[in-house]
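Novice: The structure that follows is given in the form of structure tokens.
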Amino acid sequence: MRRHSLVRWLPVAVLVGGMMTAAGATQSVSAAPSPGAEDCAPSAARVAKGSKAKEPELYSKNEANAYGVIKDAPRLPNGSVHIPTIFHVVSDHTLSGPEKTRWTTMINAQTKVLNDSYAGKTGTGAANSPFRFSLAKITWTTNPAWYTVVPGKNERDMKKALYEGDSTTLNVYTANIGDGLLGWAYFPKGYNNGRDFIDGVVMLDESMPGGTAGKYALGDTLTHEVGHWLMLEHTFKSGCSASGDFVADTPREAIPQFDCPNGADTCTAPGKDPIHNFMDYSQDSCMYMFTPGQVERMNDAWVDFRAGGAG
């Protein structure tokens, strides 16, 4: 059953508008590229309803289409891949003991949400996956410039200093990120492009369970961004075109959906808009599932690009 009731936003990905994005990509906001964007691998974003921020275009259309093709790999058993996960908590001041206790509690709750989501425990029809996440470490950093980080130079400086592990390690950076973003991440195919440290997820700290991000505070921003980290696209990526998000069992969707618009159906192809899918922009209480096809794509991306260290 679902972990929360149905009430209630990235390259991998970015989340914007109140809060979120994804894994390793070149990026630009509106028409102007972020400083040093060419140094990054392909990535994506999540956006909140009402945000005035534009989702960064983190890679070109041709590059996006190239990332759509992944070599088939043997399906790994459910729960067989244990991913060490490091949370880097960035603040603008030295945290007190009670503040560290609060963040530690929220990180533990976030890790549980992440594991439940990838184990298919969050709702009827949710697919189980090979992936489980183990909290390996929490680091604490005081840096006002990094505290409001956006994609660009400050992000690279932060990650150069804090990144640990390799392509099989999930580095999560939590901060009061700027530009109204909820988060962003980097696709595994961009790994080993000479800047391995860029890999990982950056997310709004208060989007973790128990945070103050309102309808984006149940922990699904990280679930969404890790989907990008494992090479999932947004469900609405190609609108109503046949290529869609490169996953056959996610219904086509013309536009991102916010809130929880039951019955929304923006394409004439079979199936209603996948508002309950973690890779849409619905509010947290509305999203609760990955499909079997999405799990297959994440499985293939892990085998082809992360476990093998390819890039």
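Computed from the coordinates by the stated procedures, all read-outs in this text should not be read as laboratory data. These numbers come from a predicted model, not from an experiment. Using ideal geometry, Cβ is built from the backbone for each residue, glycine included, and neighbour counts are taken over all protein chains shown.
Novice: Most exposed first by the Cβ proxy, i.e. fewest other Cβ within 10 Å, how do Lys237, Lys121 rank?
Specialist: Working: Lys237 21, Lys121 15.
In order of increasing Cβ crowding within 10 Å: Lys121, Lys237.
Novice: Continuing with the same structure: Going by how many other Cβ atoms sit within 10 Å of their own, how do Ser91, Ser243, Ser117 line up, fewest first?
Specialist: Ranked by crowding around the Cβ, least crowded first: Ser243, Ser91, Ser117.
Novice: Further question on the same structure: Out of Ser238, Pro209, Phe258, whose Cα points farthest toward the positive end of the dipole of region 187-272 (charges: +1 Lys, Arg; -1 Asp, Glu; placed on Cβ)?
Specialist: Checked the options; the winner is Ser238.
Novice: Which order results if His276, His234 are arranged by neighbouring Cβ count within 10 Å, fewest first?
Specialist: The order, fewest Cβ neighbours first, is His276, His234.
Novice: May I ask you to evaluate 6.51 cos²θ - 1.76 cosθ + 1.60, the Karplus curve with θ = phi - 60°, for each residue of region 77-85 and list the ³J(HN,Hα) values in order in whole Hz, giving x for glycine and proline?
Specialist: x, 4, x, 8, 10, 9, 9, x, 10
Novice: Further question: For the cross-link pairs Lys159/Lys237; Lys71/Lys237; Lys153/Lys272; Lys100/Lys153; Lys215/Lys272, which exceed 30 Å when the distance is taken from alpha carbon to alpha carbon?
Specialist: Checking Cα-Cα distances, Lys153/Lys272 exceed 30 Å.
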